[in-house]
1. Keeping every protein chain in place, order Tyr104, Tyr71, Tyr44 by accessible area at 1.4 Å, biggest value first, i.e. largest first.
2. Tell me, in nm to one decimal, what length is gained between Leu93 and Arg65 on full extension, where the rule is 0.36 nm per residue of separation less the Cα-Cα distance?
3. Calculate one ³J(HN,Hα) per residue across the range 81-91 by plugging θ = phi - 60° into the Karplus curve 6.51 cos²θ - 1.76 cosθ + 1.60, and present them in order as whole Hz with x for glycine and proline.
Amino acid sequence: VAPHIIAGAAPTKRARGRQTGRRGREGRGAAGMSTSVVSLFRTYLRAAQKFPDVNIRDFLVRRGREEFRKYAHETDPAKIEKIVAEGKESIALIERTSSVYGIYAPKHPSVLGQK
């Protein structure tokens, strides 16, 4: 239960964000596209995290974040559709490369991947 409900006070901006499930993302991009873009971003990160090599995995995560930030303020629906299509192609490429790399990867573990 949110603290403002118990105390009877008005909800803070942070509490309102939790209630609606949105954290200040109103008005970004074309209407209805934000959900698919967020889903695409999460799918991209999941695909990158499955890559066997830690160096390539970190590169893919960093590169994905850079690309999504680069297009974060895009509002043209046609451009957004094109960018989403390119993102889906990138995810497919990562998944194919990951599976091939998993078959032919070096047999010794990476020093960076050890915890």
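The values are calculated or read from the model by the stated rules, or taken from the named source; none is laboratory data. Fair warning: this is a prediction, and the values are worked out from it, not measured in the lab. These accessible areas exclude ligands, DNA and RNA; they are computed on the full protein's heavy atoms, side chains included. Shrake-Rupley method; radii C 1.70, N 1.55, O 1.52, S 1.80 Å.
1. In descending accessible area the options line up as Tyr104, Tyr71, Tyr44.
2. Roughly 8.4 nm would be gained on extension.
3. So the Karplus estimates, Gly and Pro as x, are 4, 5, 5, 5, 4, 5, x, 5, 5, 5, 5 Hz.
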